[in-house]
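Heads up: the structure comes next, in structure tokens.
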């Protein structure tokens, strides 16, 4: 999945600006509902931000970003986006060289997505959990730069990419 059109640095800059704006709007909001909305928006922005961080080969930073976002999303009871955060956290752990941890998180993400009623993420995570199994067994695909690539080889049909909300 390439959510930033092949320009992760520009995407990261944009997302950091959007994040800061949402923090400021939340801070100056007078209603609790608006503050909660902006808190949620910051966490969802962080779920998107981690994707650029992963593409920029900064999995440790992505793990920190996602862990914080997931905690916030769980605190405000947004099960769908908390499941998304866990799915990306699984991917970040695999990218950081911890495929066992990534596999476990991927399986938990499938269960959370099931519980949240999210069909598209459940399907995507089942596929990614299988990819984590392959990585653990040393069968994962690598790119020219040595980075682990998710998804099937281009010669096989793939699961449609899940769109973020």
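Derivation of every value follows stated rules applied to the coordinates shown; laboratory data play no part. It should be emphasised that the depicted structure is a prediction, and the values quoted were computed from it without experimental measurement. Don't worry about glycine lacking a Cβ; one is built from the backbone with ideal geometry, like all the others, and counts go over all protein chains shown.
Are any residues in the range 71-90 assigned to a helix (DSSP H, G or I), in contact (Cβ under 8 Å) with a residue 12 or more places away in the chain and surrounded by fewer than 22 Cβ atoms within 10 Å (Cβ to Cβ), and if so, which ones?
72, 79, 80
Among the residues of the range 43-60, are any surrounded by fewer than 19 Cβ atoms within 10 Å (Cβ to Cβ), closer than 17 Å to residue 101 by Cβ and in contact with a helix residue (DSSP H, G or I) (Cβ under 9 Å, 6 or more places away or on another chain)?
So far as the range 43-60 goes, yes, one or more of its residues are surrounded by fewer than 19 Cβ atoms within 10 Å (Cβ to Cβ), closer than 17 Å to residue 101 by Cβ and in contact with a helix residue (DSSP H, G or I) (Cβ under 9 Å, 6 or more places away or on another chain).
Given the structure, is residue 8 over 22 Å from residue 107 (Cα atoms) and touching a residue at least 24 places away in the same chain (Cβ under 8 Å)?
yes
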